[in-house]
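Below is one structure, written out as structure tokens; the observations come after it.
The values are calculated or read from the model by the stated rules, or taken from the named source; none is laboratory data. Computed from a predicted model, the values in this text were never measured in an experiment. Cβ: placed from backbone, ideal geometry, glycine included. Neighbour counts: every protein chain shown. Ligands, DNA and RNA are stripped out before the accessible areas are found, and what is left, the full protein with its side chains, is counted by its heavy atoms. Shrake-Rupley method; radii C 1.70, N 1.55, O 1.52, S 1.80 Å.
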Amino acid sequence: MTIKHKPEDDDFGKIANEIVESPMDNFLHNNYLPYAYYVIRNRALVGLDGLKPVQRRTLYSMWINKNLPTANYTKAAKVASNTMGDFHPHGDQSISASLARMAQDFSMRIPLIDNGGSVGYFTGDTPSAPRYWEARLTKAAVELLTELNENALPMGRNYTDQLPEPALLPVRWPNILINGTEGIAVGYASKCFPHNPTEVMNAAIALVKDPNLTIDELLKIMPGPDFPTGGELLEVENMRENYLNGNGGFTVRARYRLIKLPRNRTQILFYELPYQVSVKSVMAEINKIKAPEKKDAKGKAGNASKAPDFTEIAEMKELSDYTEGLKFSIVLKTGTNPDLVLEKLFSK
């Protein structure tokens, strides 16, 4: 079929008939940010239940498909396929990655997925392909979902408008504080660190009994974050402002032991690293500083202007295993003062 277009059919006089001028900051606030929120609200940011959409949809899909703690394991690939087909049409890779993360005890303070097979043992590990491991809900995850049967929250519709889907889960425990979350998207970001489950629950009980508790009273019950990978929390004096204002910072430092070796050498054995920091990434950064890039013919290089450092380090090894846990060994050269090396390591 051919459509003939006549120029006289266009009313060009109406184009740009009215020009509205607006300051850029007003335009961005009134148009761009609402648009950005609309675009990403189903992708990257956490809800009040402490879950991102892909996590919520995965848990709900497993719930309705009876992948319960009392049932047999289900292939992770099948869980991802069911979730993608019914609720999350953004690709199976993001679903599989989220599913594996919810099973990692080094990522989640209370894992929501019980896994059969490997999803990694330490930060930086790559989970097995979803066809190689199996999953089912943990008992803790069931407590996030069970009141859906009691119509605790209104249900929406999935992307095909064929199935009911919860916009939030009726969580029975404060997952957002205990497991924490992190998300970044267009114009928005959210970050909440994990906390000790017992402390959080005690704080929640105290608030139920007395809703007027002050920040200082709550800090006596829940003094700060508690990461699944441990570490030493510094700058705790800033914690009050962090909780009061919703933003701020603190430092988490690795924990270690000093071991004397023959010939006046010392081994620094790290057994806890800061949250989401891997041994491989630390070793890579130390190697960069130990061996800066050489200048090319034009004298350009990323680290060329920096002199080698950490020359006191004789050997680095990752000794982590499933039974002994995380172990990162740094052996120093003969006669090296370990305190000076530790000071430089922590400063980096």
Report the accessible area of Ser281, computed with a 1.4 Å probe over the heavy atoms of all protein chains in place, in Å² rounded to the nearest 10. 50 Å²
With an 8 Å cut-off on Cα pairs and a minimum separation of 6 or more residues, tell me the relative contact order of the chain in percent. 12 percent
Give Lys191/Lys288; Lys52/Lys344; Lys280/Lys333; Lys75/Lys348; Lys52/Lys220; Lys220/Lys260 a once-over and call out the pairs whose C-alpha atoms are over 32 Å from each other. Lys52/Lys344; Lys75/Lys348; Lys220/Lys260
Evaluated at q = 0.14 Å⁻¹: base-10 log I(q)/I(0), Debye formula over Cα of the chain: -1.24
How high is the FRET efficiency between Leu28 and Glu241 when r is their beta carbon distance and R₀ equals 25 Å, given to the nearest 0.05? 0.30
With a 10 Å cut-off between alpha carbons and a GNM built on the chain, which of Ile286, Ile19, Ile221 moves the most? Ile19
Inter-label distance for Glu147 and Asn264, nm, one decimal - labels placed 7 Å from Cα along Cα-to-Cβ: 6.7 nm
Accessible area in the full protein assembly, largest first, 1.4 Å probe, for Lys317, Lys52, Lys209: Lys209, Lys317, Lys52
Roll a 1.4 Å probe over the protein heavy atoms and report the accessible area of Asp92 in Å², nearest 10. 80 Å²
Solvent-accessible surface ranking, highest first, for Glu312, Glu241 at 1.4 angstrom: Glu241, Glu312
What FRET efficiency, computed as 1/(1 + (r/R0)^6) with R0 = 45 Å and r the Cβ-Cβ distance, is obtained for Glu324 and Asp161, rounded to the nearest 0.05? 0.30
Whole number in Å², please: accessible area per residue of the chain, 1.4 Å probe, ligands, DNA and RNA not counted. 61 Å²
Give me a comma-separated list of calculated 3J(HN,Hα) values for the range 71-79, in order, Karplus coefficients 6.51, -1.76, 1.60 applied at θ = phi - 60°, integers in Hz, x for any Gly or Pro. 8, 5, 5, 10, 3, 4, 5, 6, 4
Explain nothing, just compute: Karplus ³J(HN,Hα) = 6.51 cos²θ - 1.76 cosθ + 1.60, θ = phi - 60°, for every residue of the range 219-235 in order, whole Hz, x for Gly and Pro. 5, 5, 8, 10, x, x, x, 9, 8, x, 9, x, x, 9, 8, 10, 6
Where the accessible area of the range 130-262 is counted over protein heavy atoms with a 1.4 Å probe, how much of it, in %, is carbon and sulfur? 54 percent
Describe numerically, in nm with one decimal, the distance between label points set 7 Å from Cα along Cα→Cβ at Lys78 and at Phe346. 5.1 nm
